[in-house]
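What follows is a single structure, written as structure tokens, with notes after it.
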Amino acid sequence: MFWLLAVAAFAGVSLFPLSNDATRATGAVLLLIIWLGLISLLWRRRYLRFILIGISILGGVFVMLPFGSRVDAATRRQDATAALRRYEGVTYNWGGESFKGIDCSGLVRRGLVDSLFCRGAQSLDPGSVRYSIWLWWHDCTARDLGEEYRQMTFHVLDTPSINALDDSLIMAGDLAVSKDGVHVMSYLGNHIWIEADPTEGRVITVSAPSASNFWFRIPMKIMRWRMLGDQPGN
């Protein structure tokens, strides 16, 4: 009964649109309880018990390994933009970070989290998996991303507006953070940006220049994820 309650609680947390420290911690603890409970329930079935324990050990060892396949930055940028596109049309929800609802900073973070985790699992790269988990755990706002919070990002350039920006100076996956730190969007390449727009109430893609989109007419800081490219001059 307790195990079923944990499963129900985990489902409830997963369906809750708001993502914060409390929901992440609660979800992680419940998932651990569910996994340990499953092992306990199947303990009498020897082979299943060994399989589940083996998966636990192998998963822990894999995540802790200091090495893995080398994935170049260009591939990571392609992965990140593809992951971002999967959220197009998702409802805007302040504090959200999933397909149930998402905000501007949640969108750009989930694009990188999803892409790094999937690429790391496919290419057996524990470093990418570790970083995706670390990034998921350490929430941050648009302002944080514009201020190089925890060295996740670095500054590329300033622009009076996205409409005035020379796209040859930026790369797919780069972020545009408003000077006041209230909004962030991500560049997909070919003059196209993606954002969780509170005005539209959903995730949209916009081609630059745009006369109708407010965020394309205000000063922006262009930031780059450290995982997606070297700093200018390096």
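Yes or no, residue by residue, for (1) of a type in the set (A, V, I, L, M); (2) outside the structural domain of GLU97 (by TED's automatic domain parsing); (3) touching a helix residue (DSSP H, G or I) at 6+ places or on another chain (Cβ under 7 Å):
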residue: LYS179; (1), (2), (3): no, no, no
residue: HIS191; (1), (2), (3): no, no, yes
residue: ARG202; (1), (2), (3): no, no, no
residue: SER207; (1), (2), (3): no, no, no
residue: ALA211; (1), (2), (3): yes, no, no
residue: ILE218; (1), (2), (3): yes, no, no
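Meeting the requirement of 1 or more residues that are in contact (Cβ under 8 Å) with a residue 60 or more places away in the chain and touching a Phe, Trp or Tyr at 6+ places or on another chain (Cβ under 7 Å), the helices (runs of 4 or more DSSP H) wholly within segment 74-192 are 104-122, 126-137.
Yes or no, residue by residue, for (1) within 23 Å of TRP137 (Cβ to Cβ); (2) surrounded by 11 or more Cβ atoms within 10 Å (Cβ to Cβ); (3) among the aliphatic types (A, V, I, L, M); (4) in contact with a His (Cβ under 7 Å, 6 or more places away or on another chain):
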position	(1), (2), (3), (4)
TRP3	no, yes, no, no
GLY12	yes, yes, no, no
LEU31	yes, yes, yes, no
LEU38	no, yes, yes, no
GLN78	no, yes, no, no
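Let's see how each residue does on (1) under 18 Å from GLN151 (Cα atoms); (2) among the charged types (D, E, K, R):
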| position | (1), (2) |
| --- | --- |
| SER168 | no, no |
| LEU175 | yes, no |
| LYS179 | no, yes |
| MET185 | no, no |
| GLY189 | no, no |
| ILE192 | no, no |
| GLU195 | no, yes |
| PHE214 | no, no |
| ILE218 | no, no |
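Restricting attention to segment 107-156, which residues are among the aliphatic types (A, V, I, L, M) and over 15 Å from the mean Cα position of the chain (by Cα)? Even if it seems obvious, please write down each step before you answer.
First, the residues of segment 107-156 that are among the aliphatic types (A, V, I, L, M): 107-108, 112-113, 116, 121, 124, 129, 133, 135, 142, 145, 152, 156.
Scanning segment 107-156 gives ALA121, LEU124, VAL156.
Please verify whether THR26 is surrounded by 13 or more Cβ atoms within 10 Å (Cβ to Cβ), over 13 Å from the mean Cα position of the chain (by Cα) and of a type in the set (S, T, N, Q), treating the condition exactly as stated. Against the criterion (surrounded by 13 or more Cβ atoms within 10 Å (Cβ to Cβ), over 13 Å from the mean Cα position of the chain (by Cα) and of a type in the set (S, T, N, Q)), THR26 qualifies. A Cβ distance below 6 Å, combined with a sequence gap of six or more or placement on separate chains, defines the contacts here; from segment 20-39, residues that are without any contact (Cβ under 8 Å) to a residue 24 or more places away in the chain reach residues that are of a type in the set (A, V, I, L, M) in the pairs THR23/VAL13; THR26/VAL13; GLY27/VAL13; ILE39/LEU52. For segment 92-118, a residue qualifies if it is within 21 Å of SER178 (Cα to Cα) and not hydrophobic (A, V, I, L, M, F, W, C), and the qualifying residues are TYR92, ASN93, GLY95, GLY96, GLU97, ASP103, SER105, GLY106, ARG109, ARG110, GLY111.
ARG70 meets each of the listed conditions (1) among the basic types (Lys, Arg); (2) part of a helix (DSSP H, G or I); (3) surrounded by fewer than 14 Cβ atoms within 10 Å (Cβ to Cβ) apart from (2).
Return the residues of segment 175-186 that are hydroxyl-bearing (Ser, Thr, Tyr) and touching a Gly at 6+ places or on another chain (Cβ under 7 Å); say none if nothing qualifies. Of everything in segment 175-186, just one residue is hydroxyl-bearing (Ser, Thr, Tyr) and touching a Gly at 6+ places or on another chain (Cβ under 7 Å), namely SER186.
Here's the yes/no breakdown for (1) among the charged types (D, E, K, R); (2) in the same structural domain as LYS100 (by TED's automatic domain parsing):
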{"position": "ALA9", "(1), (2)": "no, no"}
{"position": "VAL13", "(1), (2)": "no, no"}
{"position": "PHE16", "(1), (2)": "no, no"}
{"position": "ASN20", "(1), (2)": "no, no"}
{"position": "ILE34", "(1), (2)": "no, no"}
{"position": "ILE39", "(1), (2)": "no, no"}
{"position": "ARG46", "(1), (2)": "yes, no"}
{"position": "GLY60", "(1), (2)": "no, no"}
{"position": "ALA80", "(1), (2)": "no, yes"}
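When the criteria are applied in full, VAL63 meets the requirement of being in contact (Cβ under 8 Å) with a residue 60 or more places away in the chain and assigned to a helix (DSSP H, G or I). Just the residues that are outside any helix (DSSP H, G or I) and under 17 Å from ARG109 (Cβ atoms), please, taken from segment 11-26. Hits for segment 11-26 are PRO17, LEU18, SER19, ASN20.
The values are calculated or read from the model by the stated rules, or taken from the named source; none is laboratory data. Keep in mind it's a predicted model, so treat the numbers as computed, not measured. All Cβ positions, glycine included, derive from the backbone under ideal geometry; neighbour counts span all protein chains shown.
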